[in-house]
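Quick notes on the structure that follows.
The values are calculated or read from the model by the stated rules, or taken from the named source; none is laboratory data. Values in this document were obtained by computation on a predicted structure and should not be read as measured data. Here Cβ is always computed from backbone atoms with ideal geometry, including for glycine, and neighbour counts include all displayed protein chains.
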Amino acid sequence: MITIEGVDAESPEQASASPKPAIPIQRTAPDRSPAGNLVNLLFISPTYLPHKGGAEWLLDDIARLCVERGHRVTIATETGAPSNAEEYRHGARVLRIRYPRGGRSPRALGRFVREWFAMIRWHWKLVRERSIDTVCVARADENAWYVTLLRPVLRFRLVVYLHGGELRELQRGSARFRRSLRALFRAADAFVAVSDDLAREGQAFCRRAKGRTFVIPNGVDVRAIRSAPEAPRTRPFVLFAGRLAWPKNVDTLVRAFAQAGGQAEHLDLVIAGTGEDRASLEALVDELGVGNRVAFLGEVERPEVHALMKAARLLVIPSLEEGHPLVALEGLAAGPVILASDAKGVRDAIRDGCDGALFDPRRVEPLARLIERFAADGPARSELQARARAVDRSACDIRQRIDDHLQVLSPR
């Protein structure tokens with residue numbers, strides 16, 4: 001492992017090919033030790049399971065492994081139910097709460113102000129009663145404003161995770177969101193970015209992040225994925241697993257699948273996930289005449305996704321942009337041939353010709369040709385599988401990454 005201006009690179013060749021960051025980025029926090037005192041952690045996220053996404057699964061894994069090591073973990077997340085609720089998952093206390101929403105009428109505004117002050121008191125009481133050492137904003141949104149107000153008067157460490165969505169939201173978000181995010185950045189003691197690109201974007205947004213940003217790539221439970229059984233399906237298939245929304249670019253995959261010929265004509269396309277684009281994708285499938293070969297599974301639990309990956313002929317990741325996609329790491333652990341977009345975040349996880357094959361996500365034909373090429377048994381498929389299997393995947397393992405997270409989360 002070598003270091004260039006504070007950024008670790010995998011090899012001299014990779015280091016020389018990568019642009020040097022304008023602002024130094026740290027990989028570890030050497031002044032902390034995860035082997036020290038046990039920590040009381042509060043994670044705040046607008047969404048959590050059963051909502052399924054990379055940030056939610058990463059939070060779930062970190063919380064589970066922290067509890068396994070004896071740390072005390074509380075997760076505060078928003079609920080869509082009429083009232084607050086409490087539960088336990090993997091030994092972590094999960095609080096599902098209703099956050100106030102504004103309105104246009106004077107009456108609605110007055111209710112919002114009352115609820116806003118009530119939420120400040122609620123967070124104050126939670127931090128005091130649970131003796132919280134570190135508050136971690138696992139996903140930033142406007143509701144993180146409450147902990148920034150408490151930061152000057154309560155002594156806790158504040159850590160902010162950057163997954164990419166919060167920074168993309170700045171381009172189309174409200175002025176209130178921008179103010180909330182800037183206040184959160186100014187109050188934070190440290191930042192965890194899942195990629196070098198996101199670390200630089202966060203530091204460009206707020207100078208306070210300079211010298212406080214730690215890059216910890218995402219990780220998955222490699223052992224659990226490799227022990228998963230193969231999903232029982234009667235026909236070979238191409239798999240997509242993720243949210244059905246614009247950034248995931250699933251329509252390009254559907255068009256490429258319909259266009260692919262040769263051995264690819266004997267494959268099905270299995271789409272695991274939900275999202276706002278499902279109806280339009282179903283209409284596209286019917287329009288292209290491949291409805292008898294495409295299966296929409298809807299919401300699928302994580303172990304089932306791993307079983308599908310183990311059985312898939314190809315795993316396709318067509319995203320237009322990502323932070324550091326968990327689905328790519330899960331695919332690397334599960335072992336299917338991976339076709340992935342040559343896009344920001346994705347190319348950090350999948351190296352062309354080594355871990356999988358990359359394609360231009362804005363063009364249908366290159367992906368169609370890759371599906372044709374790697375659907376059939378032959379030298380191209382065998383050589384790519386051999387190179388992928390020869391790579392040590394321990395760096396993808398969340399169990400190997402958890403010490404890095406605890407180094408940043410542990411108070412001084």
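For the reader, a short list of remarks on this structure follows.
- Evaluation of residue 198 against the conditions (1) touching a residue at least 12 places away in the same chain (Cβ under 8 Å); (2) out of contact with any strand residue (DSSP E or B) (no Cβ under 8 Å at 6 or more places or on another chain) shows that the sole unmet condition is (2).
- Considering the stretch 35-113, the qualifying strands (runs of 3 or more DSSP E), each wholly inside and each with 1 or more residues that are charged (D, E, K, R) and surrounded by 12 or more Cβ atoms within 10 Å (Cβ to Cβ), run over 72-78, 85-89, 92-97.
- Note on the stretch 259-277: among residues that are farther than 23 Å from residue 330 by Cα and buried (at least 16 other Cβ atoms within 10 Å of the Cβ), the one that is modelled with the lowest pLDDT is 263.
- Restricting attention to the stretch 190-217, the residues that are out of contact with any Asp or Glu (no Cβ under 8 Å at 6 or more places or on another chain), part of a loop (DSSP other than H, G, I, E, B), surrounded by fewer than 24 Cβ atoms within 10 Å (Cβ to Cβ) and at negative phi add up to 2.
- Considering the conditions (1) within 22 Å of residue 53 (Cβ to Cβ); (2) touching a helix residue (DSSP H, G or I) at 6+ places or on another chain (Cβ under 8 Å), residue 295 is excluded by exactly one of them, (2).
- In the stretch 357-369, the residues that are modelled with pLDDT of 95 or more form Cβ pairs under 9 Å with partners that are aromatic (Phe, Trp, Tyr), at six or more places apart or across chains, as follows: 357/374; 366/359; 367/257; 367/359; 368/257; 369/359.
- The set of residues in the stretch 282-320 that are buried (at least 17 other Cβ atoms within 10 Å of the Cβ) and within 19 Å of residue 347 (Cβ to Cβ) comprises 314, 315, 316, 317, 318, 319.
- Index of the failed condition, residue 109 passing every other in (1) modelled with pLDDT of 90 or more; (2) farther than 14 Å from residue 76 by Cβ; (3) of a type in the set (A, V, I, L, M): (1)
- Residue that is modelled with the highest pLDDT, among those in the stretch 157-175 that are surrounded by fewer than 19 Cβ atoms within 10 Å (Cβ to Cβ) and assigned to a loop (DSSP other than H, G, I, E, B): 174
- Subset tally (residues that are surrounded by fewer than 24 Cβ atoms within 10 Å (Cβ to Cβ) and assigned to a helix (DSSP H, G or I)) for the stretch 333-342: 1
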